[in-house]
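The values are calculated or read from the model by the stated rules, or taken from the named source; none is laboratory data. A quick note: this is a predicted structure, and the numbers were derived from the prediction, not measured. No Cβ is skipped: glycine too gets one built from the backbone with ideal geometry, and neighbour counts run over all protein chains shown.
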Amino acid sequence: MATKPRQILLSPNSTFAAGFWPTPISPNLYIFSIWYHNISVHTDIWSANANSPVSGNGTVSITASGELRLVDSSGKNLWPGNATGNPNSTKLVLRNDGVLVYGNWSSFGSPTDTILPNQQINGTELVSRNGKSWTNMETCGRNGEKQISSDLGAAWLRRLTLDDDGNLRVYSFQGGVDGGLLFGWPVPEICKIYGRCGANSICMNDGGNSTRCICPPGFQQRGDSCDRKIQMTQNTKFLRLDYVNFSGGADQNNLGVQNLPSLKRLLYGYWSPGTETAMYLRVDNSESDQSNFTGMTDLLETTCPVRISLPLPPEESNTTTRNIVIICTLFAAELISGVLFFSAFLKKYIKYRDMARTLGLEFLPAGGPKRFTYAELKAATNDFSDCVGKGGFGDVYKGELPDHRIVAVKCLKM
């Protein structure tokens, strides 16, 4: 299969095609790729040599030993992975699901920036077309989390693509027309997308979609990256960089202060208040640059020196003395009134107590006069035996109650 005349390999359902396609940069350079065959916009879903396009004499062939090779004019093999098979029986096949297969090798095992339906994604690493953004598909989502597209159930073509801005998005196609974006997993802070800046640079975000790359103190711009101004000697010091985080390399998974003495390249860094951390950058002791990454407290102390003074309390005046006298007078009046009120109440209580004793009312129950039965009166008067007087309505008899009180009982005539 050669670039000229251009030959393509079709899937049995004619949904996918594979072959050489000109690059967007130059029509004389070609990339061997897989794309959707029947949609209006050419969309690659896999490529073998995206970073090394070949000229018009590039070819894909099967050698006499059964090796699948993609060679350029120099004869260098650009095919990803080890694709071998039987030269007499093994075929290069593009299946209906979009996977290119040759023996034990398949394009699903070497994805670029796109995942197709039914393609395994655990442990898969995607790289965007600009070569800067990547993600590990094993850790990009939470365990058990599901995302459902808005066209669920429809027989549409779909793809999961890592775009150049570092965001994963799902696209759909129907009837040869690009249906556009369905949903994605946007990164809240764009500077956290790996590769926005070069090595040793710090990515700064203005709160929108634009970013700028600056060098940390002790470094100077050189192309897309930053290099040290003064190489470190035995005498070094640390500069504090608030809210700065460096990551992106296998040797920086456990980056800490103890690792900084041997750290030569900081790789990719970004500034974000959400990190709530500070990095200590090791520089040579002769470095004169100062850290310009300071927290809000340090910023206020260095750029806004404000001397705050509080007024002295007012001196004591005649008004204060007058208020104290008024309060004391009112308190004394209240106290005297309370004493007089209690004294009057005590006198009345003593008076009514003596009166009750004189009349014998202190023995009365609290509920009022007691009602006696005929049997009780008969017993108290000894069966009405002691008559002490006679009146118009009946005789009066002398009696004695159980508590030894002497009473007069009048027996009415009926």
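Results, tabulated for the structure shown:
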| read-out | value |
| --- | --- |
| Of residues in segment 177-227 being under 29 Å from Ser288 (Cα atoms) and of a type in the set (Ser, Thr, Tyr), the one modelled with the lowest pLDDT | Thr211 |
| Complete set of residues in segment 48-84 that are closer than 30 Å to Tyr171 by Cα, surrounded by 13 or more Cβ atoms within 10 Å (Cβ to Cβ) and out of contact with any Phe, Trp or Tyr (no Cβ under 7 Å at 6 or more places or on another chain) | Ala50, Ser52, Leu78, Trp79, Pro80 |
